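The values are calculated or read from the model by the stated rules, or taken from the named source; none is laboratory data. What you see is a predicted model; the values in this text were computed from it and never measured. Here the Cβ positions follow ideal geometry from the backbone for every residue, glycine too, while neighbour counts run over all protein chains shown. Note: areas computed on protein heavy atoms with side chains; ligands, DNA, RNA excluded. Shrake-Rupley method; radii C 1.70, N 1.55, O 1.52, S 1.80 Å.
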Amino acid sequence: MQLADQDQASGQGFHVSDVRRAIADYRRLLQEHPDAPHNDRALYQLARAHELVREDEPAIQALLQLAQQHPQSERAADGGFRAGEMLFVRKRHREAEGAYAGVLALGPDTRYHDLAQYKYGWTLYQQSQFEGAARVFLSI
């Protein structure tokens, strides 16, 4: 992923083969060391790699796994919010609702709390849960 980042920063684009190799390495790392203390970082990078090669579903799954399995991580709110955004754009509002709710459960001091609260209200609205959406919007 560092090679891909460097290539993008220099304006060269990135080599898909580097990203595919990173995906394989992150998956192997997570499989061989499922309880490693820094798996939150591996999941975060795995999601980024999948996004780079336009594999959105595996990216969403990695972000949700990060948020659910590592709620203490500094990346948990970012991961949950990004998953929610990807789901919302795909009109998968019920799943997005869960992702945003997960961010809200991390507490009001979480970096993405306010944005997640707003988008949570919209997921309810999109599901015709107008009363719940109104409560969320009024609390904002």
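In this entry, R54 is excluded by the filter for residues that are farther than 30 Å from Y125 by Cβ, open to solvent by 70 Å² or more (accessible area, probe 1.4 Å) and not small (G, A, S). Is one or more of the residues making up segment 87-95 touching a residue at least 12 places away in the same chain (Cβ under 8 Å), open to solvent by less than 40 Å² (accessible area, probe 1.4 Å), closer than 24 Å to Q72 by Cβ and in contact with a Phe, Trp or Tyr (Cβ under 8 Å, 6 or more places away or on another chain)? No, the conditions are met nowhere in segment 87-95. Restricted to segment 57-86, and to residues there that are surrounded by fewer than 18 Cβ atoms within 10 Å (Cβ to Cβ) and acidic (D, E), the residue that is farthest from the chain's Cα centre (by Cα) is E74.
Restricted to helices (runs of 4 or more DSSP H) entirely inside segment 37-129, those with at least 3 residues that are within 26 Å of V16 (Cα to Cα) are 39-52, 56-69, 76-89. Close Cβ contacts (under 6 Å, 6 or more residues apart or on different chains) running from residues in segment 14-27 that are assigned to a helix (DSSP H, G or I) to residues that are open to solvent by less than 50 Å² (accessible area, probe 1.4 Å) and small (G, A, S) comprise D18/A4; V19/A4; V19/A49; A22/A49; I23/A49; Y26/A42. Scanning segment 27-51 for residues that are of a type in the set (D, E) and either open to solvent by 50 Å² or more (accessible area, probe 1.4 Å) or within 24 Å of H15 (Cβ to Cβ) (or both) gives E32, D35, E51. Out of all the residues in segment 99-135, which are closer than 14 Å to D78 by Cα, open to solvent by 30 Å² or more (accessible area, probe 1.4 Å) and among the small types (G, A, S)? A101, G102, A105 - these are the residues of segment 99-135 that are closer than 14 Å to D78 by Cα, open to solvent by 30 Å² or more (accessible area, probe 1.4 Å) and among the small types (G, A, S).
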